[in-house]
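In what follows, a single structure is set out as structure tokens and then discussed.
Please treat every number below as a calculation from the coordinates, not as lab data. What you see is a predicted model; the values in this text were computed from it and never measured. Ideal geometry is used to build each Cβ from the backbone, glycine not excepted, and the neighbour counts take in all protein chains shown.
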Amino acid sequence: MSDLSKVKLGMSWGTASTIAVAGFQIIFMAVLARLIDPAAFGLVALANIGLRFLSYFAQLGIGPAIIQRQEVDDKDIVAALYVSLGVALFFSLLAMLLAPLFSSFFVMPKLTPVLQCLALNFVVTGFSVVAQSLLRRETRFKAISIIDAVSYIVSYGVVGLSMAYLGMGVWSLVAAVSTQIWMSAILSYALTRHPVISVIDFERCKSFLLFGSKYSLIGFVEFFSLNSDSLLVGKLLGDSIAGQYNRGQLIAHLPVQNVVNIYSKIMFPIMSKARNAGADIADYFSLSILAVGIYAFPVGFFISVYSSDIVFILLGKNWQYAGMVTAWFSCIVGFVYLNQICGMTLDSLSEINVKMKIQISMFVLLLILFLLLYPQFGLQGLIASFFITEAIRFFIFTRVLQPRLNIKATLHLRLISYIAAVSLFCGAFSFFTKVLFLEGFTPLIRVLIAVSIFVLVYLFSLYIFISLIKNTPCILLARSKVKFLNRFI
């Protein structure tokens with residue numbers, strides 16, 4: 001099976017899984033928001049931020065290391081497992097010890113037990129990362145999609161909702177998160193049955209540690225770049241506003257995040273294998289930028305226009321602040337996920353040092369912008385800082401990748417121009433449709449009509465603009481490998 005045929009198969013299963021999970025996620029979010037107060041969501045959101053701070057070191061880049069290796073044998077698997085478990089156990093204990101300090105920083109005593117309970121999941125994740133990486137390396141996308149869907153539906157739909165209905169508040173969210181991690185670990189190992197006990201090869205352990213240390217540092221910097229605003233909101237405005245802020249971000253990212261994450265999980269092992277075989281991955285990169293950009297920006301602009309209605313439908317009338325956050329962040333998500341594609345491409349090229357320099361530089365820039373804009377503009381200044389940083393990050397990423405992939409600047413600029421044209425056209429159409437025709441409707445009816453119109457307009461504009469670039473190398477590659485596309489392009 002060709003690489004792009006694997007992408008097609010993976011996207012088919014991934015899309016089915018995403019639709020199922022997204023549908024249930026919307027339902028569960030709506031029900032949980034009416035059973036649990038915003039402060040509980042704020043506690044779990046802050047706990048997850050604190051734990052992600054350590055998780056980049058706890059996971060130590062073991063997954064990418066397994067996926068990128070040209071050959072993986074049982075000794076590699078056992079070495080990766082022992083390194084992963086050892087590091088995960090250390091950081092699990094460290095998180096439990098540091099939980100009171102983290103809670104005192106936010107002046108939230110209830111945060112301590114939540115952190116300590118969730119920290120136990122580090123060990124489970126440390127065990128499962130090898131099995132999940134082997135599934136991705138073997139491009140077993142059907143299995144991955146089924147695991148993701150089943151673990152989410154059971155953890156939130158059965159465990160989370162049941163406990164929330166019984167009035168267990170924040171612990172229903174903690175139980176749902178933990179159940180999802182445990183189920184995913186068990187199902188992943190059941191499908192791989194990789195060796196667990198063997199003689200330790202310390203040289204191979206050392207190689208995983210060396211690779212992982214750089215990868216973890218990059219993840220650490222990326223973590224702060226993407227979560228520093230949430231930390232500030234939690235510290236300055238309290239758990240209730242932090243909960244609304246978290247839900248607003250989630251709604252802004254949800255329609256784009258699931259689709260792009262599926263695409264990234266599929267493309268990363270394929271691009272790594274192509275590079276190891278000496279193949280040119282420039283067309284894969286261009287195709288990825290086009291596919292992600294031409295989806296993320298139009299959808300983000302649509303959500304921004306109808307943010308208050310969407311939040312009212314999903315969360316209820318007591319979440320107005322979340323609607324404002326959704327409107328702002330929906331305009332940024334396109335750059336966030338384009339940068340994810342660029343970072344993935346550098347990973348597949350094994351350009352870890354280059355990626356690390358870029359991410360550290362952008363983190364410094366973000367801090368400078370925070371200091372300049374927050375005192376004068378408040379929360380709007382924080383979000384403006386993110387927008388500026390993500391836009392500059394994308395520009396630097398592409399400038400670095402163009403010579404490495406031998407991509408002509410004119411071709412890249414042409415692709416970006418088409419993405420911008422489709423996005424601005426769809427965003428403007430959504431805005432004027434709402435203002436001129438849909439103001440008199442209830443939020444639910446307004447959103448349903450708007451979605452129907454948006455889908456038609458988006459598909460029409462997509463067809464027009466893609467037809468203008470149907471002879472570019474990346475589109476020709478897609479058409480040659482996935483015959484289904486020839487019906488439309």
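So if R0 is 25 Å, what FRET efficiency would Leu89 and Ser198 give, r being the distance between their Cβ atoms, rounded to the nearest 0.05?
On the way: r = 19 Å, r/R0 = 0.75.
Approximately 0.85, to the nearest 0.05.
If you line up the Cα atoms of the stretch 280-489 on their principal axes, what length do they span on each, largest first, in Å?
53, 50, 24
Can you give the local net charge around Lys434? Use residues other than it whose beta-carbon is closer than 11 angstrom to its beta-carbon, Lys and Arg +1, Asp and Glu -1.
Values: positive: Arg446; negative: Asp309, Glu439.
Taking every Cβ under 11 Å from that of Lys434, the sum is -1.
Using the C-alpha gyration tensor of the stretch 366-441, what are the square roots of 5 times its eigenvalues, in whole angstrom, with the largest one first?
Values: eigenvalues 181, 133, 7 Å².
Here the semi-axes work out to 30, 26, 6 Å.
Let's test this: bin the Cα-Cα distances of the stretch 353-392 at 10 Å from zero up to the farthest pair and state each bin's percent.
Once binned at 10 Å, the Cα pair distances of the stretch 353-392 give 33, 48, 16, 3.
Please order Val336, Val354 by the number of other Cβ within 10 Å, starting at the fewest. Don't jump to the answer; show the numbers that get you there.
On the way: Val336 23, Val354 15.
Least to most surrounded, the residues fall as Val354, Val336.
Could you calculate the FRET efficiency of Gln320 with Val354 from 1/(1 + (r/R0)^6), where r is the beta carbon distance between them and R0 is 41 Å, rounded to 0.05?
Approximately 0.40, to the nearest 0.05.
What list do you get for Glu390, Glu138 if you sort them by fewest beta carbons within 10 Å?
On the way: Glu390 22, Glu138 15.
So the ranking, lowest neighbour count to highest, is Glu138, Glu390.
Relative contact order, percent, of the stretch 280-489 when contacts are C-alpha pairs under 8 Å separated by at least 6 residues? List each step's numbers first, then the result.
On the way: 181 pairs, mean separation 59.9, N = 210.
So the answer I get is 29 percent.
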